[in-house]
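The values are calculated or read from the model by the stated rules, or taken from the named source; none is laboratory data. Since this is a predicted model, take the numbers as computed values, not measurements. Here the Cβ positions follow ideal geometry from the backbone for every residue, glycine too, while neighbour counts run over all protein chains shown. Side chains are part of the model used for accessible areas, which takes the heavy atoms of the whole protein and leaves out ligands, DNA and RNA. Shrake-Rupley method; radii C 1.70, N 1.55, O 1.52, S 1.80 Å.
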Amino acid sequence: MARDIQERIKKLIIDSRLPSGASLPTEPELMERLGVSRNSVREALKALQAMGIVEIRHGFGTYVGPMSVAPMIEGLAFRTVAGHYRGEDSLLQLLELREAVETGLIARLAGRVPDGDLAELDALVARMEAEAASAEGAVRAETDRAFHATLYRCLGNSLLGEVLEAFWDAFHRVRTDLVDVPQDPKITCRQHREILEAVRSGDALRAEQAIREHFGNIRTRLGTPVPADAPNRSYDR
C-alpha cells in the first residue's frame with residue numbers, strides 16, 4: 001500500500017508536468033484524490049522526500065523536490081564504508097565503477113572539446129602543477145574534480161554530469177574517511193596533462209589509454225599498505 005501511494009504521487013507529478021519547486025496538492029486534497037488516510041499520505045511523502053522527489057516545507061506545504069542524485073551519493077558512501085568494515089574491497093569497487101564510466105566516454109571527446117574548455121583545462125593542469133610545487137606538495141581534490149567536470153562538460157548531458165559528480169563525491173568522501181591514499185603529485189600532473197593533450201590531438205585511442213593509466217595509478221595507490229599509526233577515520237557524515 002505504501003509503495004502504491006508513492007507511485008501514484010510520482011505519477012501525479014509526471015502527468016501534471018510539474019517542475020522542481022512546483023506546489024503539490026495539499027494533504028486533504030491528496031487524501032481525497034488517492035482515497036487514503038492522512039497517515040498514509042504523510043508516510044508516502046516522507047519516503048519521497050528521502051529520495052529527493054518531494055520537499056516538505058512545514059507550515060507552507062509540499063513541493064516537487066530538486067530530484068538530485070544526493071540520495072545516491074549517500075547510499076554509495078554508506079555502502080562503501082559498510083563493505084570496507086566487512087573486509088570487502090568496496091572502495092576499489094567504487095573506483096572501478098567510475099573508471100568504467102569515464103573510459104567509455106573519453107573517446108567521444110577526442111577532437112571535440114571546444115577551445116574555451118581546452119583553455120580552462122590548461123589552466124586547471126597549470127594549477128595542479130603549482131599546487132604540486134607548493135609547500136603542501138599535493139594536488140588539491142577540488143582541482144582534480146574541476147578538471148574531470150570540465151573535461152566532460154561539452155557532452156551536454158546534465159544527468160551524466162550529476163552521476164559523475166555522485167561517483168566522485170562518494171569516492172572522495174569515503175576515501176578521506178577511511179584511509180590516507182599516498183600521492184605522487186608529479187605523476188598526477190603528468191597524467192592529467194596527457195589526458196588533455198590526447199583529447200586535444202583528436203586521438204581517441206591515446207585518450208583512452210591515458211584515462212586507463214590514470215585510474216590504474218589510483219588503483220595501485222589504493223593497494224599501498226597504510227602505516228600502522230595512520231588515522232582511520234570513522235563514517236560520521
Legend entry - the chain: radius of gyration over Cα atoms, expressed as a fraction of 2.2 N^0.38 Å: 1.26
Legend entry - Where a label projected 7 Å from the Cα of VAL163 along Cα→Cβ would reach, residues of the range 62-86 with amide N under 13 Å: 69
Inset, instruction - Give me the orientation-averaged projected area of the Cα convex hull of the range 140-214, in nm², one decimal. - result: 5.3
Legend entry - Distance in nm between pseudo-label sites at CYS154 and SER201 (7 Å out along the Cβ direction from Cα): 1.6
Legend entry - Quarter of the Cα convex hull surface for the range 1-89, i.e. its orientation-mean projected area (nm²): 7.1
Legend entry - Packing rank of 112-120, 95-103, where each peptide gets the mean count of other beta carbons within 10 Å, highest leading: 95-103, 112-120
Inset, instruction - Quote to one decimal, in nm, the extra length available between ALA22 and ARG8 on full extension: 0.36 nm per residue of separation minus the C-alpha distance between them. - result: 3.3 nm
Inset, instruction - Compute the long axis of helix 115-133 from its Cα atoms, compare it with the longest principal axis of the Cα atoms of the chain, and write down the angle in degrees, 0 to 90, nearest 10. - result: 70
Legend entry - Residue-wise HN-Hα coupling along the range 80-94, computed from phi with Karplus coefficients 6.51, -1.76, 1.60 (Hz; x: Gly, Pro): 5, 5, 4, x, 4, 6, 8, x, 8, 8, 5, 5, 5, 4, 5
Inset, instruction - Kindly rank 122-135, 18-31 from highest to lowest mean number of other beta carbons found within 10 Å of each residue. - result: 122-135, 18-31
Inset, instruction - Report Rg/Rh for the range 181-222, rounded to two decimals, where Rg is the Cα radius of gyration and Rh the Kirkwood radius. - result: 1.02
Inset, instruction - Give, in nm to one decimal, the length gained when the segment between GLU96 and MET67 is fully stretched (0.36 nm per residue of separation minus the Cα-Cα distance). - result: 7.9 nm
Inset, instruction - May I ask for the longest run of the chain untouched by chymotrypsin sites (Phe, Trp or Tyr not before Pro) that are loop-located per DSSP and have at most 16 neighbouring C-beta atoms (other than their own) within 10 Å? - result: 61-234
Legend entry - Rel. contact order, % - alpha carbon contacts under 8 angstrom, at least six apart, the range 30-93: 17
Inset, instruction - Would you work out what percent of the accessible area of the chain, with all protein chains in place, is carbon or sulfur (probe 1.4 Å)? - result: 54
Inset, instruction - Compute log10 of I(q)/I(0) for the range 86-193 with the Debye formula, placing one identical point scatterer on every Cα and leaving out solvent, at q = 0.11 Å⁻¹, to two decimals. - result: -0.38
